[in-house]
1. If I model a spin label as a point 7 Å beyond the Cα along the Cα-Cβ vector, how far apart are those points for residue 152 and residue 167 in nm?
2. Could you work out, for the chain, what percent of all Cα-Cα pairs fall into each 10 Å distance bin, beginning at 0 Å and stopping at the bin that holds the largest distance?
3. Tell me, what are the semi-axes, in whole angstrom and largest first, of the equivalent ellipsoid of the range 20-64 as set by the roots of 5 times the Cα gyration tensor eigenvalues?
4. For the range 104-156, what number results from the quotient of the Cα radius of gyration and 2.2 N^0.38 Å?
5. Determine by what factor the alpha-carbon radius of gyration of the range 74-174 differs from 2.2 N^0.38 Å, reporting the quotient.
6. When only Cα pairs under 8 Å and 6 or more residues apart are kept, what is the percent relative contact order across the range 37-179?
7. Using r as the Cβ-Cβ distance of residue 118 and residue 94, and R0 as 25 Å, what FRET efficiency do you calculate, to the nearest 0.05?
8. Taking 0.36 nm per intervening residue step and subtracting the Cα-Cα distance, what contour gain separates residue 59 from residue 86 on full extension?
């Protein structure tokens, strides 16, 4: 993982809150190059050009409609941490509630209140994010689907398509084809 820090005047049009981004192969290489060079100085033309290209790429980037807010209630946090440790956990909500020390109804209410989404939606987002990480690391769709808790690869592909508008294989191939 790499981190870039931009002066606010360079990043005026970029999102102000934390978000998931679809990074192209070009942007990935630009970020790696910038990190290797260290701090960039706009007084030097080549460094200024690199900064401008990175900012241009960041402004054109595709935001991924994924977020996973954390619940604040301790009971919901206990349940969330169990699933964060193992997103592929297939236990039912009733079984997971025993770990949290709360009823199913209470957990459902807490997730809706604390995260703004139902428990089922929160779990789906977690599984999707886990699968996307595995796919980005080069895992096959079947492995990513099963390790993330989907019953079948086709169930995962269907959900992925609903969430992101395309099949997983196409989503990760677009990086190389864009440039």
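Computed from the coordinates by the stated procedures, all read-outs in this text should not be read as laboratory data. Quantities reported herein were computed from a predicted structural model and do not represent experimental measurements. Cβ coordinates were reconstructed from backbone atoms using ideal geometry, including for glycine residues, and neighbour counts include every protein chain displayed.
1. Placing both labels 7 Å along Cα→Cβ, they lie 1.6 nm apart.
2. Bin by bin from 0 Å, the calculated values are 9, 30, 28, 22, 10, 2, 0.
3. Details: eigenvalues 84, 25, 11 Å².
Taking √(5λ) for each Cα gyration eigenvalue gives 21, 11, 7 Å.
4. Working: Rg = 13.1 Å, N = 53, 2.2 N^0.38 = 9.9 Å.
So the range 104-156 has a normalised radius of gyration of 1.32.
5. For the range 74-174, the normalised Cα radius of gyration comes out at 1.13.
6. Values: 119 pairs, mean separation 27.0, N = 143.
Relative CO of the range 37-179 lands at 19 percent.
7. On the way: r = 15 Å, r/R0 = 0.61.
Step by step, r from the Cβ atoms, then E = 0.95.
8. 6.3 nm
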